[in-house]
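Some notes on the structure that comes next.
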């Protein structure tokens, strides 16, 4: 029994998995990018293949995305097709950017993951993208100041307002789905950091106000 427990601990802490061979040869990936609500195609989406390498993480080896291997654009019907010759990479990862203000990228697909390619040959990967929403953020200067503030707002976008000292209005992109809480971060001068959770429906806009 002790030997079994020791073996399990070794496997858990070394991050070991059965390592497949490095990839060599042609990889062809095709599919369609669509709206998760209507099923309609998203034209001109940008599609990516990322290189995945098996890298040492301090206690063992694990697959890590390292760089962009290939970029292409879907057609007017949301269809794409891309090919690459693998030359010893461990894996590839597919992802899509809808390239539209009305959607958020394919991290927010059903399953919430980009998809890995672990074998050479042909692969079909269809992805659906969530509709965007927005926070209408009013930034209010509550008192005159001598030194302007450095303000950052982040969620799906990252908005940086440098040397800001007056009231302003900005729109921050969110994920528009009723079951997903968006974490909206407000930071003033890199020290007063606040995070707010907001859930919003597709293509909705919610009002928010921050005082500084």
Mean ellipticity per residue at 222 nm, deg cm²/dmol - from DSSP H runs of n ≥ 4 across the chain, formula -39500 (n - 2.57): -2000 deg cm²/dmol
Compute the long axis of helix 2-14 from its Cα atoms, compare it with the longest principal axis of the Cα atoms of the chain, and write down the angle in degrees, 0 to 90, nearest 10. 60
Counted neighbours (other Cβ, 10 Å), sorted fewest up, put 82, 208 in the order 208, 82
Could you tell me whether the range 34-170 comes out rounded, prolate or oblate from its Cα gyration tensor? Rule is a ≥ b ≥ c as square roots of the eigenvalues, rounded for a/c under 1.5, then prolate if a/b exceeds b/c, otherwise oblate. oblate
Simple SL model, points at 7 angstrom along Cα→Cβ for residue 101 and residue 141; separation in nm is 2.6
The range 14-88-the range 153-199 distance, computed between alpha-carbon centres (Å): 30
Build a GNM of the chain with springs between Cα atoms under 10 Å: which of 134, 103, 164 gets the top mean-square fluctuation? 164
I'd like the antiparallel share, as a percent to the nearest 5, of DSSP beta bridges with both residues in the chain. 80
Of the beta bridges DSSP finds with both residues in the range 132-211, what % are antiparallel, to the nearest 5? 75
Quick one: Debye curve from the C-alpha atoms of the range 114-212, no solvent, what's log10 I(q)/I(0) at q = 0.23 Å⁻¹? -1.15
Over the chain, with a Gaussian network built from C-alpha contacts below 10 Å, which listed residue (52, 104, 71) shows the highest mean-square fluctuation? 71
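Each reported figure results from applying straightforward, stated rules to the coordinates on display, with no laboratory input. Just so it is clear, the structure is predicted and the values come from calculations on it, not from any experiment. Here Cβ is always computed from backbone atoms with ideal geometry, including for glycine, and neighbour counts include all displayed protein chains.
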